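What follows is a short report on a single structure.
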Amino acid sequence: MSAAQRYLTVFFVILIPTLAGLIITAIKIEPLDGPLTRMGGYAERDFGWSGQQQTLGIDDVSVPAYRDYADVLVIGDSFSKPGLWQAYLTRNTGLSVQTLDLGKTSFSGLLQTAVFVKNPPKIVVVESVEVFFLTKFRQSNTACKTDQEQAVFSPALEIKPKSVPFQTKERQKTISLDNLNLNYAWVYWKKALTSRLSEQDNSPVAHFQLTRKDLFSNRLSDQLLVYKPDLDKSFWQNQDIAAATCQLRDLQREFQANRKTVFVFVLVPDKLTAYTTFIADKVDLPRLELNNQLLQRGIQAPDLYRDIAQAIAKSEQDIYLPNETHYGSRGHEIMALSLQHYLQKLGVLKQPAKI
């Protein structure tokens, strides 16, 4: 046997069992579904959601720029991708919705466009998840103008619910050629090996023990996966938070200056904040209560923190998906209801007149 033949023999002796092991592992841990399981090397078999998630057959319009009138203009991040909570808002109220990407939208540019000046939306909703609040709204070396009077206007739009059927989907649990992911199986192997050799976890996913088992639908429902940067809020400075809330107040003033548009800011609690109450070891967990600071500054914002917390305390499962940083379908529904009820409280939305 030549050297080349020996090399190939050794290569295949190593390759074939390795491939077989990866395939078996991929089948065992189930197809990849969520970013937290992918980034952290956790098995979908343990952290993948069970049961069904609901979707609505409504897609709001996702546009690169505001070009035509809409009752509601949403400017948000990944929690406001088209067809999520906006679909529930349209179903519940009948309002038309357009969505812009927060990361690609210039507020000053939007306010100066001819279509916005001539035919502005009745409601502008700016949404941000908590963990990126400072990144998106803190601006240094900018004078705060919050001493200026805030314009107030309530368009009093009538609620006209739509009849929209639900659609359901289930998480795929069986392996096929389309979802066979050997890279995911390899990450799972590395996670298993490094956890035995060291207690240090260098992945961007943090793992916590919960005091309850009824908050999620996955197999290991007494455990919580979150995005590690959620923990960085412990290092936020009060002056930075104040600067960000000040900028939001100025933004609210600018959008409402036309006396035709109502501005609402929606701060989405990140997964760590939402479930902090039920984490067994709360040492060094951030507790900022940002929503209260928004209200103290005079920013119009629904108390989504409260509404999410109440639903979780009532054992509603998968408000956030166990393998995700984002909501399940019930979380989107709660967010839409929270905004709707807040708009009704402001007098922006009203129930139809009884005949």
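Around the Cα centre of the chain, unit charges on the Cβ atoms of Lys, Arg, Asp and Glu (plus for the first two, minus for the last two) sum to a dipole of about 400 debye.
For region 277-355, the residue among Val348, Asn323, Gln296 whose Cα projects farthest onto the positive side of the dipole built from Cβ charges is Val348. So which lysines pass the test for Lys271, namely a Cα distance under 18 Å, with those fewer than 8 places away in the same chain ruled out? Candidates past the 8-residue exclusion: Lys81, Lys213, Lys228, Lys233, Lys282, Lys314.
Taken as Cα centroids, region 77-100 and region 199-278 sit 20 Å apart, rounded to the nearest whole angstrom.
Highest-first packing order for the peptide set 113-126, 26-39 is 26-39, 113-126, based on the mean count of other beta carbon atoms within 10 Å.
For the chain, the relative contact order works out to 25 percent when only alpha carbon pairs closer than 8 Å and six or more residues apart are counted. Positive-end ranking of Thr18, Ala43, Val268 along the dipole of the chain, with charges on Cβ about the Cα centre, is headed by Val268. Computed over neighbours whose Cβ is under 13 Å from that of Val125, the net charge equals -3, Lys and Arg +1, Asp and Glu -1. Taken as entire DSSP H runs, the helices of the chain that both span 30 Å or more between Cα atoms along their own long axis and average 0.5 or more on the Kyte-Doolittle scale are 3-29.
Determine the calculated [θ] at 222 nm for the chain from helices alone, applying -39500 (n - 2.57) to every DSSP H run no shorter than 4 residues and normalising by the residue count; nearest 500 deg cm²/dmol.
-11500 deg cm²/dmol
No value in this document is a laboratory result; all are computed from the given coordinates. All figures in this text were calculated on a predicted structure; none of them were measured in a lab. Note that we place each Cβ from the backbone using ideal geometry, even for glycine, and neighbour counts take in every protein chain shown.
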